[in-house]
1. Is it the case, given these coordinates, that residue A:52 is surrounded by 10 or more Cβ atoms within 10 Å (Cβ to Cβ) and either closer than 24 Å to residue B:300 by Cα or at the interface with chain B (Cβ under 7 Å from one of its Cβ atoms) (or both)?
2. For residues that are free of Cβ contacts under 8 Å to residues at least 24 places away in the same chain and more than 10 Å from chain A (Cβ to nearest Cβ), tally how many sit in region B:144-169.
3. When you scan region A:7-15, do you find a residue that is more than 8 Å from chain B (Cβ to nearest Cβ) and either closer than 25 Å to residue B:278 by Cβ or under 32 Å from the mean Cα position of the chain (by Cα) (or both), even just one?
4. Going through region B:43-80 one residue at a time, which ones are over 40 Å from the mean Cα position of the chain (by Cα), more than 18 Å from residue B:27 (Cβ to Cβ) and either assigned to a helix (DSSP H, G or I) or at pLDDT 90 or above (or both)?
5. Return the only residue of A:218, A:242 being modelled with pLDDT of 85 or more, outside any loop (DSSP other than H, G, I, E, B) and over 23 Å from residue B:430 (Cβ atoms).
6. What do you reckon, is residue A:164 within 12 Å of chain B (Cβ to nearest Cβ), touching a residue at least 24 places away in the same chain (Cβ under 8 Å), within 20 Å of residue A:143 (Cβ to Cβ) and surrounded by fewer than 21 Cβ atoms within 10 Å (Cβ to Cβ)?
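The values are calculated or read from the model by the stated rules, or taken from the named source; none is laboratory data. In this text, all values refer to a predicted model and were calculated from it rather than measured experimentally. Counting neighbours? That spans all protein chains shown, and the Cβs are built from the backbone with ideal geometry, glycine included.
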């Protein structure tokens, strides 16, 4: 009997060790590309691909070049473009998403079911199938040239946000209706309930919506590329980094690409890690929905 | 969504709750003089019953619409059937001694303005119905001697009973202009010959015509290059979507379970390692991956330095079809597993512990418990999520475009590479090749494929058939 328990314990221990080793190996695989790009961003050798895996010497010049060499690929300007666009998109999208989600969750009106079905059907079309048409529409109203490109991008990113109401609706659904009713008894209008009861209770989902809509312009690549076309002045960070790896730039910009990737990734990674619990909460809420 | 489908009774009672006597039909049949006059003159009924501001707004809308239709709209819609015929011409101007260009028709602009005019007309009809109902309502209220809302009351109502109107108007306007209008425009394009390919003298990029269903025939038949590409791309898209969805789903779930085991130490640290890789923006990590896997990229160099590969040799990650396909699936696992881990962790914790205990009592091992308890439970709870992931994968532009660019292309004449999905092919056809009509056809077919798959899977899943099983 005693022997049996020791062998059981030994077996358990080997399983434990195996699992931790496995996790360590997996963690290394997952972290490897990230450490690699950080390493490349400090590499002193010029050119793109080198014959040795580890850099021979390290430098900070790549970062300097990224922020000072504005003649061909103007990274600081791209950064500012993206920041301006992101701030506006963030404000408009958040308002849209919260308004639509609240209507879907709390208000009952004739078009509600229809709206939800239409939103589902629209979600099945390839997102950028209509991109060419969007470009023509923007061109027709004169938003495709010059500084209006920024306005165009802001509109494109935020206009469709009324379709992304599922997660926030799932969250609003979990707020007890009794609170609303108590407010109605006190003579509050629906708008007052929305702004004074629901919104103050929805901090997690507001943070989540603000962050996701703020991140959108930083992460999107397709729309920016189609709408900016050759307007290099209004490129966002995503297209800029992509351009650095194109044939004509890769020789000069390869290590700067790595530096740019690191610069962009650090703030976004911090935001993402901060927001992941809301992400999880929102999703489990929506699935239960 | 699921519980709303399964409650037809509730749905019916809901519908009756919105019924009012103030419908368009009633207004036309039973409305009095003021309502009847509101049909041609919008807002007349409201003006007659002293809702001055409301009536003026309605009237202004009508005037604006009529002005638009007379100056532009009628012309735009009338041009739609022909899509224009006038070619741009060079004319010798003798007075100035130069060639001048006469303005020709531009089909794409005609199509866009025509569709936009139709949208405006539909919007106007909706408005018209609204004003008629409003006129009828105010007439009824006046007849019954009830309170008639002043303009102030109406404004107040927009923040209370009609709150949905004030909150939804702008978002819906955004969706109509930037999603539905372009979508209709692209769908119509599938029935034209707007393409660089069909025209020998490239005239179809300015002037094009309706061609009916011809493009669908081209895309679906196998006797031309586009059609052959379509079937092979469709096949790969489905294979990709199945692999990409289920490898991520199952492996991610296993990872979450391994990390959540009672005996695993430093749970937070492991989770952090995996979350870090998805915290980096996706296009950045994908571009990093692409550069690392190039013939002269970091991975091949590392293998050469380690002596596994000889100098000058490299693994053909993106240059051979099978290699490229496996590579994109494997990288998708790298990208996707942490997401699945994050999303399933919470749900896994919700599985009732009794289920596991009774399985243990019955002597089930880890595999049996996983396939008999965990997986069925998870499938049941996460089916909607799985369907969205599946459709997301069919439309997964970023991974393919940023990693392999759809390549390698084997036949030089092909428009699609071996890892191209329908969406990346659609992108290439429209943006690079300017085969706009074929691109639109591919978009529509993608939608059809997605709609069929989602409907069939959704109807055959546990969460649709028997909701109560696990509750």
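1. Details: surrounded by 10 or more Cβ atoms within 10 Å (Cβ to Cβ): yes; either closer than 24 Å to residue B:300 by Cα or at the interface with chain B (Cβ under 7 Å from one of its Cβ atoms) (or both): yes.
Judged against the criteria, residue A:52 is a match.
2. Of all residues in region B:144-169, those free of Cβ contacts under 8 Å to residues at least 24 places away in the same chain come to B:144-147, B:152-153, B:155-169.
Checking the rest, the ones that are also more than 10 Å from chain A (Cβ to nearest Cβ) come to B:144-147, B:152-153, B:155.
Adding up the residues that qualify gives 7.
3. Scanning region A:7-15 turns up no residue that is more than 8 Å from chain B (Cβ to nearest Cβ) and either closer than 25 Å to residue B:278 by Cβ or under 32 Å from the mean Cα position of the chain (by Cα) (or both).
4. To start, the set of residues in region B:43-80 that are over 40 Å from the mean Cα position of the chain (by Cα) comprises B:44-52.
Next, from what is left, pick out any that are more than 18 Å from residue B:27 (Cβ to Cβ): B:50, B:52.
Of everything in region B:43-80, just one residue is over 40 Å from the mean Cα position of the chain (by Cα), more than 18 Å from residue B:27 (Cβ to Cβ) and either assigned to a helix (DSSP H, G or I) or at pLDDT 90 or above (or both), namely B:52.
5. On the way: A:242 fails: over 23 Å from residue B:430 (Cβ atoms).
Exactly one of A:218, A:242 is modelled with pLDDT of 85 or more, outside any loop (DSSP other than H, G, I, E, B) and over 23 Å from residue B:430 (Cβ atoms), namely A:218.
6. Numbers: within 12 Å of chain B (Cβ to nearest Cβ): yes; touching a residue at least 24 places away in the same chain (Cβ under 8 Å): yes; within 20 Å of residue A:143 (Cβ to Cβ): no; surrounded by fewer than 21 Cβ atoms within 10 Å (Cβ to Cβ): yes.
Considered against the rule, which asks whether it is within 12 Å of chain B (Cβ to nearest Cβ), touching a residue at least 24 places away in the same chain (Cβ under 8 Å), within 20 Å of residue A:143 (Cβ to Cβ) and surrounded by fewer than 21 Cβ atoms within 10 Å (Cβ to Cβ), residue A:164 comes out as no.
Conditions tested, residue by residue: (1) more than 26 Å from the chain's Cα centre (by Cα); (2) in the same structural domain as residue B:395 (by TED's automatic domain parsing); (3) assigned to a helix (DSSP H, G or I).
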position	(1), (2), (3)
B:160	yes, no, no
B:165	no, no, yes
B:169	no, no, yes
B:173	no, no, yes
B:183	no, no, yes
B:223	yes, yes, no
B:226	no, yes, yes
B:231	no, yes, yes
B:236	no, yes, yes
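Residue by residue, here is whether (1) at the interface with chain A (Cβ under 10 Å from one of its Cβ atoms); (2) touching a residue at least 60 places away in the same chain (Cβ under 8 Å); (3) under 21 Å from residue B:255 (Cα atoms) holds:
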position: B:369; (1), (2), (3): no, no, yes
position: B:391; (1), (2), (3): yes, yes, no
position: B:399; (1), (2), (3): no, yes, no
position: B:409; (1), (2), (3): no, no, no
position: B:415; (1), (2), (3): no, yes, no
position: B:426; (1), (2), (3): yes, no, no
position: B:429; (1), (2), (3): no, no, no
